[in-house]
1. How would you classify the protein assembly as shown from its alpha-carbon gyration tensor, with a ≥ b ≥ c the square roots of the eigenvalues: rounded for a/c under 1.5, else prolate if a/b is greater than b/c, otherwise oblate?
2. Can you give the average number of partner chain beta-carbon atoms within 10 Å of each beta-carbon in peptide A:48-54, as a whole number?
3. How big, on average over all directions, is the shadow cast by the Cα convex hull of the stretch A:40-101, in nm²?
4. Could you give the angle, 0 to 90 degrees to the nearest 10, between helix A:58-88's Cα long axis and the longest principal axis of the Cα atoms of chain A?
5. Within 10 Å of each Cβ of B:6-15, how many other protein chain Cβ atoms are there on average?
6. In peptide B:130-139, what is the residue-averaged number of other protein chain Cβ atoms found within 10 Å of each Cβ?
7. Helices from chain B with mean Kyte-Doolittle at least 0.0 and a Cα length along the axis of 20 Å or more, per DSSP H: which?
Amino acid sequence: MQLMHYLSLAAILFSIGFFGVVTRRNAIAILMSLELMFNAVNINLIAFNRYVTPGDLLGQIFAIFVIVIAAAEAVVGLSIVILIYRHWRGIDVDRINLMKW
Amino acid sequence: MTEPLVFYLLAFLVIASALAVVTVRNIFHCALFLIFCLFSIAGIYVMLFAEFVAVVQVLLYVGAVAILMIFAIMLTSRLAGHDVQMSNEQVFIGGFLSLIMVYGLVWSLSNTFFRISDEAPAVNTPLAIGKSLMTDFVLPFELVSVILLAAMIGAIVIARREGN
């Protein structure tokens, strides 16, 4: 398989995640779409590591760091979602517009 | 001969389940499709000779993040099972922008030259990754553990009920 196939797959996955982020109303669904985008980035990193610099493992190590940071992001994001749910009795992001002008 | 077949099968599973994640109306089904998508991406990592990252993917994403999502869904959705409106009115412009993004990314990638190396991929990657995490990358490694600790404490503080 060529590098281009993996990069195209990552591009499609990233765009699907972007679509989910801009169209979903549920905050948890937005976080799930964000995870899709993180995974697209990881596929890119590992594909470049495999095809451009197969000798060292920089891309894989960076992908592991991205996964760990994404886990931390999900923990904080979901706790914020639970807090929002307690205040508004719902997590519809179209209704949570306190910080919009 | 079987490698393109396996790749296209995995790519189809990834894209189909990702589309299901962003379009299915039931949020709980979204989470299950997300787990399926993450498993297929772990298969893609195995195809790229990144078996340690694939294991970390299954452990951390499927085992921790996705289960956390399901817990959050169960804690927040009174409306699970009801037919709630899940998408806002930006579906058409969002889909249009996503298609433009796919086109632009693939076009620019196919017009870029990447120097493909003929070297054989590294074998025994968990050993090499562990060694470099403990030597060259020991500072980022420790920083990430501090970030995880901070995220854990932050999540407890944020989600705790006030007053007790």
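Each value in this text was obtained by applying a stated rule to the coordinates, not by laboratory testing. No experiment lies behind these values; they were computed from the predicted model shown. We place every Cβ from the backbone using ideal geometry, glycine too, and count neighbours over all the protein chains shown.
1. Note, shape of the protein assembly as shown comes out oblate.
2. 6
3. Working: hull surface 23.5 nm².
With the hull built on Cα positions only, its mean projection is 5.9 nm².
4. Around 10 degrees separate the two axes.
5. For this peptide, the per-residue mean of nearby foreign Cβ atoms is 3.
6. 2
7. Once both thresholds are applied, what remains is B:2-23, B:27-47, B:91-110, B:138-159.
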